[in-house]
Amino acid sequence: MIQQLIRHKSAHWLFFILAFLLYANTLSNQYALDDFAVILDNTNVNRGFDGIGKILTTNMLHGISGFNDGLYRPVSTLTFAIEYGLFGENPKISHLINILLFGGIGLLLFKNLKVLLPEKLLPVAFFATAIYVFHPIHTEVVANIKSRDELFASIFLLGSLWHFIQAIINHKKGAYFFAFLLYILALFSKESAITYFAVIPLLLWINKSVSLKQLLLPIVGMLVLSLAFYGLHSYIINSMDKPIDNGLFKILNNPIAGINDPSIRYGTAFYLQILYLTKLLFPVELLHDYSYNLIPTISLATAKGISGLLIFIGLVGSAVYGIIERNLLGIMAAFYLLSIAVVSQLIIPIGALFAERFLFVPSIAFCVAVAFLLNHVLGKKQLAINLTVAAILFLFGIKTVDRNGEWKNNQTLYAADIEEGKASARINYNYGSALTQLGNSVQDGLKKQNYYRESAIYLQKAIEIYPEYWDAYNNLGLVYKYANQLELAEKVFDLLLRKNPNYTKGYYNQATVKLAAEKGKEAFENFKIYSETNPSANVYSSMGTIAGTLNDFKLARTYFLKVIELEPNNVSAYNYLGTAEGFLGRPAEAIKYFQKATQLDPRNAEAYFNMAISYSQIGNVEKEKAALSAVLTLAPGNQQAIARLKELEN
């Protein structure tokens, strides 16, 4: 029955259906993790169709205040903008698209393997694709909307490979156009697709009807396209107003990024290869983050470092043998090494030490190798093979569906990962910050305090693991503020700003704590420092309000004028300016500001009442009455206006 299914002309659709069923429970998921940065907080995306021009000409996260992440991935970002333009904030649509793309990957993988492998290895194609579709390591990519860049790069890889098969094996020369076009789209989906110029010819080499001469055009063509893309990539990234943010390559994200000792750097990098293979073999403990200090750095002279080096040498040796002898296992070793090379840390350190998503394409090689070994070891024992694969799929399927549920939102994801990820500074930070948000969202006072108390524990743990985790200090200070532990909040922000005077956000948050503690002068000074690098109407308004409460109305006027410069239609600022002028004994000037406020907002009863006071100061009774009447039209129960009108009429 399996043999008949494998040879059925529509067998590839089975994997599309299986992929859909496995990930159907993500349709009820919300946004999580990097979805916020890439979609919700990215103005280039949430402007919908109006943001397309910017997406094509700027880096991926440019829509977050010009932040330069050094990435140019317009394909997935364009789809997010189009979705936003059509459906608004709708994670269900986004998750559906991810599922459909993954289904397409499963479908294309089987179609390609079915052609590339010899007839006797067709069961390998079938079982390899099944294991790939069910493998839990892919949940990060499929269940996390942001990882659509990986999905697009992979589906374009397989699509390009399919058209090269048509051009080279089936002699359909017109297919070259689509093969190269899809390769270009893969490059514009994710930078790591650069390795596909070698991966595609390598996979074509599996089919023994393909000659080296036939591979020359694909290799040269894709190499030229890769160089052109990277020229464009460099031009766009370097043309941004801000340089690539150096925080991306700090120890928090990648512990070996700043290490100069080759023994530590390569010892850790080789050990990572053991961890990747372990995750593929036993995908039990899956986490959303593997940054500092979940995977401690190690020396090459240690047992782990040497073991990793030996495994790497073994893979390289197998790859060389496989390419020379056209051996499937060896070619899969070469495929694995090529596809993981960019993120392996062996070439250059990147912005993340380790991630499950990095295995999305390399796992194809792993699944083919596993299927081949099962087929080789069990030989003609078809029942044994079927039962073994069925057991693997059953276990993988349960884990995949369960992990999908954990990706529902940030709270569920961080709660699921905190136990196994307790050595990670970022996982502690993420979970602590999520608990803070839960505390802010509940009404029950006891529950609120419990969330804040637990949040503080995890944020303190994050700082303990990584003492320079400034965001953790910041969020810890805010937790104490929300819990009304203002003295502790002040101490945390004082410590933060003493350790890192350049953490400007800390001055703003410290100012809000000082305000809550009724320390106006100190709050003003903190706002002042913050405003030097982050001028905004909101900050100037706060400074003007504080100056007014300190009876320094001249200073208050200065800052509300700054508000007007930034926001010419700010009604509150005109109202406050009028009040300041009134206290400075300039009622005529005050009236002008109150009039402007009422022009902008004709229903502003407060501005009319203040205007009445100013008319009273200059002795214009009729206009004072008119202003008071306007107040009562808008707020009939205003007792001050009623009393003053009676007084004027008497």
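Points to keep in mind about this one:
- In segment 12-31, residue farthest from residue 136 (Cα to Cα) [restricted to those that are open to solvent by 60 Å² or more (accessible area, probe 1.4 Å) and of a type in the set (Phe, Trp, Tyr)]: 13
- Sole exception among (1) crowded, with 17+ Cβ neighbours inside 10 Å; (2) farther than 29 Å from residue 522 by Cα for residue 546, by number: (2)
- Qualifying residues in segment 76-90 (those that are in contact with a Ser or Thr (Cβ under 9 Å, 6 or more places away or on another chain) and over 14 Å from residue 152 (Cα atoms)) - the one surrounded by the most Cβ atoms within 10 Å (Cβ to Cβ): 83
- Listed by first and then second residue, the pairs linking a residue in segment 28-39 that is within 17 Å of residue 352 (Cβ to Cβ) and of a type in the set (Val, Ile, Thr) to a residue that is open to solvent by 10 Å² or more (accessible area, probe 1.4 Å) and at pLDDT 95 or above, with Cβ atoms under 6 Å apart and 6 or more places separating them unless they lie on different chains, are 38/146.
- Test: residue in segment 358-366 that is open to solvent by 40 Å² or more (accessible area, probe 1.4 Å) and either without any contact (Cβ under 8 Å) to a residue 12 or more places away in the chain or within 22 Å of residue 269 (Cα to Cα) (or both): no
- Pairing residues of segment 583-598 that are farther than 18 Å from residue 629 by Cα with residues that are modelled with pLDDT of 90 or more and of a type in the set (Asp, Glu), at Cβ distances under 9 Å and at least 6 apart in sequence or on separate chains, gives 587/581; 588/581; 589/581; 590/581; 592/581; 593/581.
- Residue among 165, 184, 200 that is at pLDDT 95 or above, within 28 Å of the chain's Cα centre (by Cα) and not polar (S, T, N, Q): 184
- Only residues that are buried (at least 17 other Cβ atoms within 10 Å of the Cβ) and either assigned to a loop (DSSP other than H, G, I, E, B) or touching a strand residue (DSSP E or B) at 6+ places or on another chain (Cβ under 8 Å) (or both) were counted across segment 553-578, and they come to 1.
- No other residue among 537, 523, 516, 547 is more than 25 Å from residue 582 (Cβ to Cβ) and not basic (Lys, Arg) apart from 516.
- Filter pass, residue 9 being within 25 Å of residue 229 (Cβ to Cβ), surrounded by fewer than 20 Cβ atoms within 10 Å (Cβ to Cβ) and modelled with pLDDT under 95: no
- For segment 244-299, a tally of residues being open to solvent by 30 Å² or more (accessible area, probe 1.4 Å), closer than 30 Å to residue 368 by Cβ and among the β-branched types (Val, Ile, Thr) returns 3.
- Candidates 78, 27, 21, filtered to the one that is modelled with pLDDT of 95 or more, aliphatic (A, V, I, L, M) and touching a Lys or Arg at 6+ places or on another chain (Cβ under 6 Å): 27
Conditions (1) β-branched (Val, Ile, Thr); (2) at pLDDT 95 or above, marked per residue:
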position: 468; (1), (2): no, no
position: 478; (1), (2): no, yes
position: 492; (1), (2): yes, yes
position: 517; (1), (2): no, no
position: 532; (1), (2): no, no
position: 535; (1), (2): no, no
position: 545; (1), (2): yes, no
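- Pairs where the first residue, in segment 397-410, is within 12 Å of residue 25 (Cα to Cα) and open to solvent by 20 Å² or more (accessible area, probe 1.4 Å) and the second is among the aliphatic types (A, V, I, L, M) and part of a helix (DSSP H, G or I), C-beta under 7 Å, 6+ apart: 401/22; 406/413; 406/416
- Counted as qualifying within segment 160-240 are the helices (runs of 4 or more DSSP H) with 3 or more residues that are open to solvent by less than 60 Å² (accessible area, probe 1.4 Å) and within 30 Å of residue 67 (Cα to Cα), namely 175-189, 212-238.
- Any hit, segment 626-635, residues being under 30 Å from residue 508 (Cβ atoms), open to solvent by less than 50 Å² (accessible area, probe 1.4 Å) and of a type outside the set (Val, Ile, Thr): no
- Residues that are open to solvent by 20 Å² or more (accessible area, probe 1.4 Å) and either over 15 Å from residue 30 (Cβ atoms) or out of contact with any helix residue (DSSP H, G or I) (no Cβ under 8 Å at 6 or more places or on another chain) (or both) within segment 91-101 comprise 97, 100, 101, listed in sequence order.
- From the options 418, 385, 392, residue that is in contact (Cβ under 8 Å) with a residue 40 or more places away in the chain, of a type outside the set (Asp, Glu) and touching a Leu at 6+ places or on another chain (Cβ under 8 Å): 385
- Test: residue in segment 599-618 that is open to solvent by less than 40 Å² (accessible area, probe 1.4 Å) and among the acidic types (Asp, Glu): no
- Among residues of segment 624-650 that are over 16 Å from residue 591 (Cβ atoms), those with a beta-carbon under 9 Å from a residue that is basic (Lys, Arg) and modelled with pLDDT of 90 or more at least six positions away or on a different chain give the pairs 634/603.
The values are calculated or read from the model by the stated rules, or taken from the named source; none is laboratory data. All values reported here derive from a predicted model rather than from experimental measurement. So basically every Cβ, Gly included, is an ideal-geometry build from the backbone, and we count neighbours across all protein chains shown. The area values use the complete protein model at the heavy-atom level, side chains included, leaving out ligands, DNA and RNA. Shrake-Rupley method; radii C 1.70, N 1.55, O 1.52, S 1.80 Å.
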